[in-house]
Amino acid sequence: MSNNKKSKYMILSTQIRNFYDLEAWKVSHDFVLEIYKITKNFPKDELYGVVSQLRRAASSVTANIAEGFSRYHFKDKIRFYYQARGSVSEAQNFLLLAKDLGYIKFEQCGIIGEKGNNSRQLINGLIRSIENNIK
């Protein structure tokens with residue numbers, strides 16, 4: 001496999017055939033990976049606190065995009081995309097908490113938070129697309 005971004009997500013064509021073909025999932029997946037990387041350095045006494053909450057919220061974003069993609073009915077799909085969007089905000093909330101507790105630097109929080117904003121924008125695009133199909 002080549003080192004390009006497409007092979008990283010097992011894409012064989014430009015068509016969207018699987019959840020991992022969605023740009024919203026790819027950007028959100030990178031957001032989750034960043035969360036996991038930074039939380040490795042958090043205090044061990046936060047393992048069941050901020051670390052767990054932050055990882056759970058972040059991983060929920062991609063899980064909900066994946067599940068929504070596989071749903072047949074538009075209203076079912078959109079419900080999971082709404083959940084994914086809410087999970088981005090939840091993860092960003094815990095990022096701010098981690099910053100305020102001194103676990104990550106202001107700059108790091110901003111960079112990862114911006115990845116969350118990009119994720120949310122792409123999820124909003126999925127939601128708009130589904131809403132247009134419902135109408």
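Values computed for the structure shown
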quantity	calculated
Near pairs, Cβ below 7 angstrom, 6+ apart or cross-chain, from segment 80-105 (hydrophobic (A, V, I, L, M, F, W, C)) to any residue that is surrounded by fewer than 16 Cβ atoms within 10 Å (Cβ to Cβ)	80/71
Segment 98-109, residues that are surrounded by 13 or more Cβ atoms within 10 Å (Cβ to Cβ) and in a helix (DSSP H, G or I)	98, 99, 108, 109
Near pairs, Cβ below 6 angstrom, 6+ apart or cross-chain, from segment 25-40 (among the small types (Gly, Ala, Ser)) to any residue that is buried (at least 21 other Cβ atoms within 10 Å of the Cβ)	28/61; 28/62; 28/119
Given (1) assigned to a helix (DSSP H, G or I); (2) at pLDDT below 95, index of the condition residue 64 fails	(2)
Residue that is modelled with the highest pLDDT, among those in segment 110-135 that are surrounded by fewer than 17 Cβ atoms within 10 Å (Cβ to Cβ) and of a type in the set (A, V, I, L, M, F, W, C)	111
Hits in segment 12-29 - residues which are in contact with a helix residue (DSSP H, G or I) (Cβ under 6 Å, 6 or more places away or on another chain) and crowded, with 17+ Cβ neighbours inside 10 Å	19, 24, 25, 27, 28, 29
Odd one out for residue 52 among (1) within 16 Å of the chain's Cα centre (by Cα); (2) without any contact (Cβ under 8 Å) to a residue 12 or more places away in the chain; (3) closer than 20 Å to residue 24 by Cα	(3)
Number of positions in segment 30-59 that are buried (at least 20 other Cβ atoms within 10 Å of the Cβ), farther than 17 Å from residue 100 by Cα and not aliphatic (A, V, I, L, M)	1
Complete set of residues in segment 7-33 that are modelled with pLDDT under 95 and of a type in the set (Lys, Arg)	8, 17
Residue in segment 70-85 that is in contact with a Cys (Cβ under 9 Å, 6 or more places away or on another chain) and crowded, with 21+ Cβ neighbours inside 10 Å present	no
Per-region count, segment 46-61, residues among the charged types (D, E, K, R) and at pLDDT below 95	1
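The values are calculated or read from the model by the stated rules, or taken from the named source; none is laboratory data. Values in this document were obtained by computation on a predicted structure and should not be read as measured data. Neighbour counts are summed over all protein chains in view; Cβ atoms, including those assigned to glycine, are modelled from backbone coordinates with ideal geometry.
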